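Inspection log for the structure reproduced underneath, given as structure tokens.
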Amino acid sequence: MTKKNTRAAGTNAQKGHSAQAKKPKASKVRTDRSTATKGKRKVALITGVTGQDGAYLSELLLNKGYEVHGVKRRSSLFNTDRIDHLYHDMHEKGHAFHLHYGDLTDSVNCLRLVQQIQPDEIYNLAAMSHVHVSFEMPEYTANADGIGTLRFLEAIRILGLEKKTKFYQASTSELYGGVRPHAQNEETPFHPRSPYGVAKLYGFWITKNYRESYGIFACNGILFNHESPLRGETFVTRKITRAAAKIKLGLQDTLYLGNLDAKRDWGHAKDYVEGMWLMLQAKKPDDYVLATGKTYTVRHFVDLAFGEVGIKLEWKGKAEKEKGYDKKTGKVLVAIDKRYYRPAEVDHLEGDPRKAMRELGWKHKYDLKALVKEMMASDLELFKRDVYLKKGGHKILHEQE
């Protein structure tokens, strides 16, 4: 497939929609030419462009005047709803957003994309990123998340782009896994407790190795949990906000969860993609933790979500017997399903972002309450459509994990 045909295939695929979160309102992308060098746009390649982070990062880079090339996997269904608002007709002159088909498990594809696009920056965001599912698909997770990182680094090396192309690797707080309950920073020892965490550990170290061995400007961003209205439906935070909205609207009866005592450091994806960009603008490559520095239990997140729709929960019972009751009606709204427990649980993740704040000037803008408020507003608006369909006698989708 030629470069021209690859772009055409990708951009034409953008026109479909699926039942994801309500996408951001379409807005005219601003152009900040201050990022251009010698009057020419910087070129970025983003893997995982159709995901939460890929969508926010694409918009950020387009607003900064970049030409953005996104990589998406072939699917029988349209999966571009998070980035449709960035679409421009491919027949228009000067459009800066392009899509390409690709997969981290295909080394020839990775090499071809880097050769054709000649990117100034690569953001490797694609991954099999669901921790629980990684226990069921350990081999694929290792291939995509671990060796997939190597494939792009090797492409940079083979093509002689060590001095041109900067590389960002999306690492994760799951690298820390079973550590003591204190804030984790860049020097904290790793102890991953899932196939996903182990695969990402390889990605982290191979990125560091290629930086030290070949002089590639390669950075690891160790990002703690970051959410948004674009978060995938099967991740716990989005599962909670969707359920709270549907219960409020009479579309669902009960929310089932796993470990309510698990503590996480939750931030907003918008803040974190800015940190990714800042890493590749630094004078020298390094590894950075991005986090808020504050942790909350899953139970607290549930309380905030239901509170946004005027429901106060009362918790009774312990461990697997614990339930969340509507304080006004006494109805059980939240219950435990032990199937959602991980084989190896990670109880406490708390990040220390002081290095990124000090060296990059990065800081998070959203606190947890503001994040939950935005996610709940989005999901309430999303499911109002189903209320109208149900009242009209039409069939609605019952999406369950």
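Checked against the criterion of being over 28 Å from GLY177 (Cβ atoms), surrounded by fewer than 21 Cβ atoms within 10 Å (Cβ to Cβ), assigned by TED's automatic domain parsing to the domain that holds GLY178 and out of contact with any Asp or Glu (no Cβ under 9 Å at 6 or more places or on another chain), segment 246-262 contains not a single residue that satisfies it.
In segment 80-92, the residues that are not assigned by TED's automatic domain parsing to the domain that holds HIS69 and buried (at least 17 other Cβ atoms within 10 Å of the Cβ) never reach a residue that is part of a loop (DSSP other than H, G, I, E, B) and modelled with pLDDT under 85 with C-beta atoms less than 9 angstrom apart, at least six apart or across chains.
Tell me which residues, restricted to segment 81-132, are of a type in the set (Lys, Arg) and modelled with pLDDT under 95. Can you show your working first?
Going through segment 81-132, the residues of a type in the set (Lys, Arg) turn out to be 82, 93, 112.
Passing the criteria: ARG82, LYS93.
For segment 335-350, the candidate set comprises residues that are touching a helix residue (DSSP H, G or I) at 6+ places or on another chain (Cβ under 6 Å) and not in a loop (DSSP other than H, G, I, E, B); within that set, the residue that is farthest from LEU175 (Cα to Cα) is ILE336. Scanning segment 203-219 for residues that are without any contact (Cβ under 8 Å) to a residue 60 or more places away in the chain and not in a helix (DSSP H, G or I) yields one hit, GLY215.
Checked against (1) surrounded by 24 or more Cβ atoms within 10 Å (Cβ to Cβ); (2) of a type outside the set (Val, Ile, Thr); (3) closer than 22 Å to ALA262 by Cβ, PHE152 passes all but a single condition, namely (3).
Listed here are the residues, each with its yes/no results for (1) within 21 Å of the chain's Cα centre (by Cα); (2) in the same structural domain as TYR56 (by TED's automatic domain parsing); (3) surrounded by fewer than 16 Cβ atoms within 10 Å (Cβ to Cβ).
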| position | (1), (2), (3) |
| --- | --- |
| TRP277 | yes, yes, no |
| ALA305 | yes, no, no |
| LYS318 | no, no, yes |
| VAL334 | no, no, no |
| PRO343 | no, no, yes |
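Based on what the data block shows, is ILE222 surrounded by fewer than 24 Cβ atoms within 10 Å (Cβ to Cβ) and either among the β-branched types (Val, Ile, Thr) or in a strand (DSSP E or B) (or both)? Answer is no for this residue.
Evaluate segment 366-374: report whether one residue or more is touching a residue at least 12 places away in the same chain (Cβ under 8 Å) and part of a loop (DSSP other than H, G, I, E, B). Among the residues of segment 366-374, at least one is touching a residue at least 12 places away in the same chain (Cβ under 8 Å) and part of a loop (DSSP other than H, G, I, E, B), which makes the answer yes. Among what's in segment 166-202 and is part of a loop (DSSP other than H, G, I, E, B) and of a type in the set (Lys, Arg), pick the residue that is nearest to ILE46 (Cα to Cα). Within segment 166-202, the match that is nearest to ILE46 (Cα to Cα) is ARG193.
Note on segment 273-286: residues that are in contact with a strand residue (DSSP E or B) (Cβ under 6 Å, 6 or more places away or on another chain) and closer than 13 Å to MET357 by Cα amount to 3.
The values are calculated or read from the model by the stated rules, or taken from the named source; none is laboratory data. As the structure is a computational prediction, the values presented were derived from the model and not from experiment. We place every Cβ from the backbone using ideal geometry, glycine too, and count neighbours over all the protein chains shown.
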